[in-house]
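Since the structure comes first, as structure tokens, the remarks are kept for the end.
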Amino acid sequence: MKVSNLTRNTLLVGLVVFIMSQTILISIFLNRRDTPYMYNGEEDKVNWTSYKYLHDRGTHQDSKIKMPSQKNFAQKFLTIFTTFSEREHTRFQIQNNTLCNYEQFPNDLTERVIFASDTFHLREDGPCGKKAKNGRDFEWNFVTLRPNMTAAGRPVLRQMFIESQSRFNSDLYMYTNGDILFNFRKLMGSLKAIERFTKVRNIKRYIIFGGRRELNFYHTDNKTVEQIEIGSDEEIDAYALVSKSGRIDAQDYIITSKSSFPWEVVPDYVVSLPAFDNWLLMYSNKANIATFDITLTTVALHQAGVPKLVDKNYNESAKINLQILRNSIENGVGIRNTFKCCKWKTMYHLNQVKIIKSLTYRSWKCISELKIPVFNLMDNNKIEEQ
């Protein structure tokens, strides 16, 4: 059967139209694969790079994309927060050392937060500052201290935790004193081990404490402060080799998840002064919240020796903490505020971090009589039975 020229042309046009339509559909499908979208909160389904590419090109497509919330997308492992002195010039270099050290913490794993007034100057010049990556200022998140977040001019620990947990999305939240340097790899190893342990044991209520090592960073002859080079794990380890163990009643860094500890019940303790850390340990044991000590598997170096400014403000703040402690605890403190009363501790075994029951924990020694209401916040099973 002969096919007329008109029919042949019609068939050819139809074939071309069909091929073009399939090509367009395939192109749309491939483009959609790279377009960011929400997927029940699963961040690994979102291609942020593709969105940035579309946005930078200025195409009309970006206006139609449902953007994932930054809080859900950017979940990290650890939010670490602290505060610095804004009045004591002798401590500025100590704080610069801390900034340099924390700059080594991977951005994809950590949020770094500083609580300060809106007039605070982040850093001074120094050997470490000159070696900052690309000559940039350090990448820190600033939270301005509001009146409800302070007492006697100092930050309140409870408010720092609550504020950090509301602003940043991470597995864990960590307060540390502003003069502590860390080997980040060892800190991460300790926290990862506890994260696995609590999941396997179904421990939902817990708090993590850590102790420090002491090293004098203050040169009394010329009244200068030791300046670190870059703050790497290797440099911190080298300093730690010539340091000594710190006090067993000083919990210098405290870590919880967003739901593992009831920060809303904690009194108005201010940071960087005695008593608040001791109270947390004693309260947790009384409330049957699992307490962990990561001192043995974490290198935390205290930059000691720099004189503190002890003035009316300091004394008033210290009085607040001690008064709260006295109003909470009956029959004195004893060993209840020391690392001996943590229920669990980390240790190395075959180069791996393991968690063991503390041999020094005894309930009759470590559980205090408190004058404040305490609720049993653990799940039905007691820690000792798990």
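Side notes on the structure shown:
- Computed Rg/Rh of region 75-366, alpha carbon atoms with Kirkwood Rh: 0.94
- Restraint check, Lys199/Lys343; Lys199/Lys340; Lys204/Lys365; Lys308/Lys343; Lys204/Lys354, Cα-Cα greater than 27 Å: Lys308/Lys343
- Computed from backbone phi with θ = phi - 60° and the Karplus coefficients 6.51, -1.76 and 1.60, the 3J(HN,Hα) list for region 324-329 is 4, 5, 4, 6, 9, 10 Hz; x is used for glycine and proline.
- Under the Karplus curve 6.51 cos²θ - 1.76 cosθ + 1.60, θ = phi - 60°, whole-Hz ³J(HN,Hα) for region 170-185, x wherever Gly or Pro sits: 8, 5, 10, 10, 10, 9, 9, 4, x, 10, 10, 9, 10, 7, 5, 4
- Take 182-188, 162-168 and order them by the average number of nearby Cβ atoms within 10 Å per residue, most first; the result is 182-188, 162-168.
- Whole-Hz ³J(HN,Hα) from phi, Karplus 6.51 cos²θ - 1.76 cosθ + 1.60, for region 103-109, glycine and proline x: 4, 7, 6, x, 5, 6, 10
- Here the simple spin-label model places points 7 Å from the Cα toward Cβ, and for Val242 and Asn148 these points are separated by 4.9 nm.
- Each peptide among 340-353, 97-110 gets the average number of other Cβ atoms lying within 10 Å of its residues, and from highest to lowest they stand as 97-110, 340-353.
- For region 75-366, a crude dipole built from +1 on the beta carbon of Lys and Arg and -1 on the beta carbon of Asp and Glu, taken about the Cα centre, is about 1360 debye to the nearest 20.
- For the pair Arg185 and Glu214, label points projected 7 Å from Cα toward Cβ lie 2.9 nm apart.
- Placed amide H near Ser117: partners under 5 Å, 5+ positions off or other chain: Leu145
- Each of the peptides 76-86, 231-241 was scored by the mean count of other Cβ atoms within 10 Å over its residues; in descending order, highest first, they stand as 76-86, 231-241.
Quick note: the coordinates plus some simple rules give every number you see, no bench work behind them. Bear in mind the structure is a predicted one, so any value in this text is a computation, not a measurement. Heads up, the Cβs are rebuilt from the backbone with ideal geometry, glycines too, and the neighbour counts pull from every protein chain shown.
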